[in-house]
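Take a look at the structure below.
The values are calculated or read from the model by the stated rules, or taken from the named source; none is laboratory data. All values derive from a computational prediction rather than experimental measurement. When we count neighbours, we look across all protein chains shown, and the Cβ atoms used for this are built from the backbone with ideal geometry, even at glycine. For accessibility, only protein heavy atoms count, side chains too; no ligands or nucleic acids. Shrake-Rupley method; radii C 1.70, N 1.55, O 1.52, S 1.80 Å.
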Amino acid sequence: MNGMNKKCYKTLEYTKIIDRLTDFASSPLGKEKCQNLEPSRDLKEIRHWQKETSDALARLWKKGAVSFSGTRDIRSSLKRLEIGSTLSAKELLDISSVLNVALRIKPLAKVSDKEDSEEYEDSLAEMFTSLEPLSPLNNELKRCIVSEEEMADDASANLSAIRRSIRATNDKIHNVINSMVNSSTVRTYLQDNVVTMRNGRYCLPVKAEYKSSMPGMIHDQSSTGSTIFIEPMSVVQMNNELSELSIKEQREIEKILADLSNLCAEHVEELLCDFNVLSQLDFIFARAALSKALKCTEPEFNTDGIIDLKCARHPLLDQTKVVPIDIRLGQNYNLLVVTGPNTGGKTVSLKTVGLLTLMGQSGLHIPADDHSKLSVFNEVFADIGDEQSIEQSLSTFSSHMTNIIKILEEADDKSLVLFDELCAGTDPVEGAALAISILTFLHNLNAKTMTTTHYSELKVFALSTEGVENACCEFNVETLSPTYRLLIGIPGKSNAFAISLKLGLPGYIVDDAKNRLDDESKSFEDILTDLEESKLTIEREKEEIQSYKAEIATLKERLEKKNENLDDRRERILREANEEAMAILQDAKSFADETIRNMNKLKSGGSASDMENQRHKLRDKMSDTEKKLILKNKKTPKKAYTAADFKLGTAVKVLSLNLNGTVSSAPNAKGDLFVQMGILRSQVNISDLEIVDEPVITGPNLQKTGSGKIKMSKGMNISTEINLIGMTTAEAIPALDKYLDDAYLAHLTSVRVVHGRGTGALKNAVHSHLKRQKYVKSYRLGAFGEGDTGVTIVEFK
C-alpha cells in the first residue's frame, strides 16, 4: 500500500516531529527506523504501534530512562562471518558491545502492577524474552580483546609465551646498548646519548666522522647528514630475533581472531536477532521518550471519521505557554469553518488537527488529554501558508488553486482536508463564491474538512447548511490580544472597528465606517455578538456545574468513609463487649457450679466455719465481677470521696452506668444514696460515683443575687491550659471540646493545649478539631519557651 502524499508532511511540520523523535534513538538502525516512520492506514497496525508505545512509556515511568547506547551496526560483519571471513578486533568488539546491551536490557522484560505487584506480559515481553546475551561468547571476547589495537596476553598460551620472549629479548638489547652508551670510548662517537628506533630496530645516533669506528648496519641518516643511525653489530642478531618474534606474535593474533570469529559464526542467527530486536526496542522507546517529553497520551482510534481532541496542544510550540484547544469533527458535522482575526490561532488549530492525526497514525502518542479520539484517514491534504512559486511564475492565488485542484481530484470520504484562508488573494465576492462551491463539493463527498477564512459569506454558509459548523478563535478586545481558545459553534468577528478604536483611530472615522455598513451586515454582526456572549455564559455555567459536581463527589466520598469507620467501630465495640461479657458470665457460671458442689458437700457433713468460708469466697467473687463491670476512668485515678462530699443537688457521674445525674438523697451509713438520672432514679454506693463540675455562666453585667444568682465560680476558676498527655485520641477530643466551650464562655482570649510530641497523632487530631470550631480565631504550635511543638496556642474570636 502506497503511503500518504509526502507534501503534507512538510506542510504540517511532521518532518520536524520525526527529527525530534530521531534524537531520542541511540542505535544506527533505531535512528534509521525513526527517520523512515510514516503514518499507517491499517487500524490494527496503528493500535499495535500505540500499544507498544504505551507499554514502553509504562516502563520509563516505573524503571527510569532506558539506554540502547552501544548497539553497533554488525550486519556487514555477520554477512562476512556467513562466508567464513575472519573479523578484525574492532568488529568483534562491536559484537561484544551488542551482547552487553542485550544483557543490560533483557531484565526489563519483567513488568509488575503497582497495586498487586503481580508480574504480567505486555506487547514488548516477547521481544525482551527473545534477546540472547550469549554470555560465554561475550566473556571470551572480552577476555581475549583489550581494545581495537591490543590483544590480551592470556588470549592464548602461545601468545603469552611469545610476548615473554619479546620482553626478554628487549631487555637483552637494552642491556647491551646501555653498556655501549655508558662506555667512554663509544660515547665520543655519539651525537646524543640516546637509543632510537629505525625500521623497528634499535640504533645509536653516531657522528658522521666516526661511522667507520662503529661496526654495524646503517639504517638512516639525519637531514643534514651529520648524524648516522647505526645498528651495532653486537645487537644485530638479537634485533633479528625480535623481528621474528613480532612476526610470530602477529600470526598468533590472527589465529586468535580466526578462532573468535569461528565462535561468533556459530551464533550468527542469535546475533542478528539481538541486533534487530534491540534496534526495534530502541525505536519503540524513542517513541515513548517523545511521549514523555511532550506529556502525551494514547489516542482512541476509529474508522468512522470522528475526531474529538481534548485540550490538544501543538507539539512544536512551547508546552508551558501553548493554549490547549478542544476540537471536534466528524460526528454531527463533517465541515468546520474557523473564522477570526489574524494571529488569533486559526492556522495553529488547523495544523494541530493535521499533525496530531499524522502522529497518531504513526504510532506516536499525541499531546492531548486522555480519551481523545482520532480517525484513520487514507489521506491527509493540507493547503496552508504562502506557497507562491517564483520559478513557475504563479501568483499566490494560482499556486493555492493548483494545489486545491489536486486535492479535489484525490479526496474521498476517507480523507482529511485542511485549508488555510481558502480562495484568498482574489476578488472577495468571487473568492467567497468559489470557496463555498469547493466546500460544498467536499461536504457532499463526506470528506472531513476544516478551513479558516475571513469571508462573512462562509459564516452564513455554515449557519444555513446542515453538517457544517462555525468556529472562531477568541479575541480579547480590551487587551487587543487573542486568547487562542477555539470556540466551536460561534462564528468569529473581525473586530476591526473595536481594534481600530482601541489603537487610537478617531471615533468619528469609526462611526462613519459603521454608517457605511448596510443593515444586513449590521444585523449579522449583532447576531454574532449575541451568539458569542451566550456561548461564553454557557461555558462559565458549565464550569461552575462541573466544580459543584466535583465538590459534591468529594463530600459524598468523605461521608461514606466516615460512615464506614463508624460502622466498623460500632461492630468492634459490640464484639469486644460481647466477648468480655461472655468471659465474665462463663467465669461466674464456673465459680457458681463449684460453689454449689462445695455447699452440697458441706451440708452433708461439713462444719459451720467451712460454710462461712465458702460464703465469704462467693462475696469476694461477686465484688470482683462488679468491679470488672464498672467503666473505669482512664484519664486520672478516681478521687476518694466521703459521705460528706455528696449533698442534695450535687452533680455526679455513675461510673457503672456511664450516666450523669443529680444526688436526690443523703447517703446512709453504708454510703448508699439515690441518684436522679433523667427519668431514672437508682440507689448507688458512693464508691461508684464521681462528682462532676457544673458549667457556670460568667458575664460582665451579671450580678449575684440570692437564690436567683447565676453561678460564676467555674468561669472565674477556668484554667488557661489543658493537659491531654496520656490520653488516647478518643478520650482527648471530648475533653478538649468541653474545655474550649468553658474557656470561650469565660471570655478567655487564648489558651494553651498540651498534647506532647510523641507520634504526632494526638497533635493532628487536636488541630483537626480546632479547624472545625467557629469560635476559634487561630491556632499555632508553641514557640521557644512556650513548649515548642508539644503545645498548641489557641486564640478565640
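Quick rundown of the values:
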read-out: Close pairs (8 angstrom Cβ cut-off, 6 or more residues apart or separate chains): touching a residue at least 24 places away in the same chain (Cβ under 8 Å) in the stretch 403-414, among the hydrophobic types (A, V, I, L, M, F, W, C) and open to solvent by 70 Å² or more (accessible area, probe 1.4 Å) anywhere; value: L408/F441
read-out: Residue within the stretch 156-164 that is of a type in the set (S, T, Y) and touching a helix residue (DSSP H, G or I) at 6+ places or on another chain (Cβ under 6 Å) present; value: yes
read-out: Residue within the stretch 228-245 that is under 30 Å from D94 (Cα atoms) and not acidic (D, E) present; value: yes
read-out: Members of the stretch 26-49 found to be within 16 Å of M127 (Cβ to Cβ) and not charged (D, E, K, R), listed by number; value: S27, L29, G30, H48, W49
read-out: Pair list, Cβ < 6 Å and 6+ apart or interchain, from the stretch 729-745 residues that are within 12 Å of V794 (Cβ to Cβ) to residues that are modelled with pLDDT of 85 or more and surrounded by 15 or more Cβ atoms within 10 Å (Cβ to Cβ); value: Y739/I722; A743/V751; Y744/F796
read-out: The listed residue being among the aliphatic types (A, V, I, L, M) and at pLDDT below 95, out of L356, L316, L364; value: L316
read-out: Qualifying positions in the stretch 247-268 - exposed (fewer than 15 other Cβ atoms within 10 Å of the Cβ) and among the polar types (S, T, N, Q); value: Q250, N262
read-out: Matching residues, the stretch 293-312, being part of a loop (DSSP other than H, G, I, E, B), more than 20 Å from A447 (Cα to Cα) and open to solvent by 30 Å² or more (accessible area, probe 1.4 Å); value: K295, E298
read-out: Filter result (part of a loop (DSSP other than H, G, I, E, B) and either open to solvent by 10 Å² or more (accessible area, probe 1.4 Å) or under 15 Å from T297 (Cβ atoms) (or both)) within the stretch 344-370; value: G345, G363, L364, H365, P367, A368, D369, D370
read-out: Identity of the residue in the stretch 434-457, open to solvent by 50 Å² or more (accessible area, probe 1.4 Å) and under 18 Å from I384 (Cα atoms), that ends up farthest from the chain's Cα centre (by Cα); value: L434
read-out: Strands (runs of 3 or more DSSP E) fully within the stretch 426-525 counting 3 or more residues that are aliphatic (A, V, I, L, M) and modelled with pLDDT under 85; value: 481-488
read-out: When residues of the stretch 7-50 are limited to those that are basic (K, R) and within 29 Å of the chain's Cα centre (by Cα), the one surrounded by the fewest Cβ atoms within 10 Å (Cβ to Cβ); value: K44
read-out: Condition broken by K207, with the remaining ones in (1) open to solvent by 30 Å² or more (accessible area, probe 1.4 Å); (2) in contact with a strand residue (DSSP E or B) (Cβ under 9 Å, 6 or more places away or on another chain); (3) at pLDDT 85 or above; (4) under 19 Å from V236 (Cα atoms) satisfied; value: (4)
read-out: Residue in the stretch 676-692 that is assigned to a loop (DSSP other than H, G, I, E, B), under 30 Å from H747 (Cα atoms) and at pLDDT 75 or above present; value: yes
read-out: Filter result for D413 (of a type outside the set (A, V, I, L, M), open to solvent by 40 Å² or more (accessible area, probe 1.4 Å) and within 25 Å of L358 (Cα to Cα)); value: yes
read-out: Residue within the stretch 149-162 that is out of contact with any strand residue (DSSP E or B) (no Cβ under 9 Å at 6 or more places or on another chain), open to solvent by 60 Å² or more (accessible area, probe 1.4 Å) and in a loop (DSSP other than H, G, I, E, B) present; value: yes
read-out: Test: residue in the stretch 72-85 that is in a loop (DSSP other than H, G, I, E, B) and open to solvent by less than 50 Å² (accessible area, probe 1.4 Å); value: yes
read-out: Considering residues of the stretch 426-465 that are of a type in the set (D, E, K, R) and free of Cβ contacts under 8 Å to residues at least 60 places away in the same chain only, the residue farthest from T402 (Cα to Cα); value: E457
read-out: Meets criteria (in a loop (DSSP other than H, G, I, E, B) and hydroxyl-bearing (S, T, Y)) for S223; value: yes
read-out: Inter-residue pairs, beta-carbon under 8 Å, first closer than 11 Å to N685 by Cβ and in the stretch 663-675, second in a loop (DSSP other than H, G, I, E, B) and open to solvent by less than 20 Å² (accessible area, probe 1.4 Å), 6+ apart; value: P667/F646; L673/F646
read-out: Options K709, K704, K738; residue that is open to solvent by 70 Å² or more (accessible area, probe 1.4 Å) and modelled with pLDDT of 85 or more; value: K738
read-out: Residue match in the stretch 207-219 (condition: of a type in the set (A, V, I, L, M, F, W, C), without any contact (Cβ under 8 Å) to a residue 24 or more places away in the chain and not in a helix (DSSP H, G or I)); value: yes
read-out: Members of the stretch 372-405 that are part of a loop (DSSP other than H, G, I, E, B), open to solvent by 40 Å² or more (accessible area, probe 1.4 Å) and at pLDDT 85 or above; value: N378
